[in-house]
């Protein structure tokens, strides 16, 4: 059926738009190949555009060795190496709280391997928690198609247990229990702020 | 005079150390060529080591075009370009507050040119202030050998006035009046947290 304006002209979907404001495939973003990072970046852009939070992914740290400065054009980096981040990937401000987190995905079904984290990232989150920051991991179980906010305090417990010779992963059931499930939403690929609200409530 | 241990052996300054824990030249860091960025990074390392704050400079954003993956060695970036940061350079957490700022130095004596800032940096600070973040600029007048914390709300006023056809710089006297002087300190190149305390007090 053709939808018509009151003047009788047929409604045309504007160029570049496909009907709904956000494609409904966003709820299945994993299926169309959007990485967790891309999904989070889109979520952050959405949140910032609505004035709900200001959260950014930090640029990848690069050690630059050689730069050319050609005449009349932009400087070209000719030799550089990826260096290890000394912090987590994401931070920002939400409801006057400092947020700091990392995002990881795993294809494992039964557990989340701790080797996804580096010692310095855990140390960084500990330092942030000590300053009153809200720290967590966003963990996506690709096979289960579930994404959880997992509070840093539980992550620290498993990290420390591992250092003391314990298991090298966090069981999926533990993350189901102490993590906060981030439900699918129509407009936001990873609507994690609702889970952050739950975490903040639990701290006060 | 040679200092000796109780067993008679002479005390030797450990390799790589030069006596006091922080060289006293730190108070004159500008003179020995330390940039404001280096001075802030050292200050942040000091603050974090004391558990006083967690603040980091974000890595420079780079757009990577070509990467080589040689066998048995690290990936080499062969072509990349500097891209424009979408945020300020520094952020972190202090006393449960989200801090967000940029650091600029000028050799001007009478004013601080607003062209040192980009529109998107100002927009970013506005968004952070709206979320309850503590935002400011750290401005160093190289010739005066003075560094100020200049609260974002005053910066916004001059920025908006410029957009409306007003002056393109902030007078030095204005920064003396509404900025907070960061005094020299023996151990910390830029001891800005004291000025942040003053700013936080003024907001509550």
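What follows draws every value from the coordinates through simple rules; no lab data is involved. What you see is a predicted model; the values in this text were computed from it and never measured. Backbone-built Cβ (ideal geometry, glycine too); neighbour counts: all protein chains shown.
Some observations on this one:
- Taking the conditions (1) touching a residue at least 40 places away in the same chain (Cβ under 8 Å); (2) surrounded by fewer than 22 Cβ atoms within 10 Å (Cβ to Cβ); (3) more than 28 Å from residue B:129 (Cα to Cα) in turn, residue A:170 satisfies each one other than (2).
- All positions within region B:82-99 that are more than 7 Å from every other protein chain (Cβ to nearest Cβ) and either closer than 20 Å to residue A:86 by Cα or out of contact with any helix residue (DSSP H, G or I) (no Cβ under 9 Å at 6 or more places or on another chain) (or both): B:83, B:85, B:88, B:89, B:90, B:92, B:99
- Candidate set: region B:161-189, residues that are in a loop (DSSP other than H, G, I, E, B) and touching a strand residue (DSSP E or B) at 6+ places or on another chain (Cβ under 6 Å); chosen: the one nearest to residue B:92 (Cα to Cα): B:182
- Residue A:195 falls short of the stated requirement of being more than 16 Å from residue A:91 (Cα to Cα) and not in a loop (DSSP other than H, G, I, E, B).
- Elements of type strands (runs of 3 or more DSSP E) contained in region B:103-160, each with 2 or more residues being within 14 Å of another protein chain (Cβ to nearest Cβ): B:134-141
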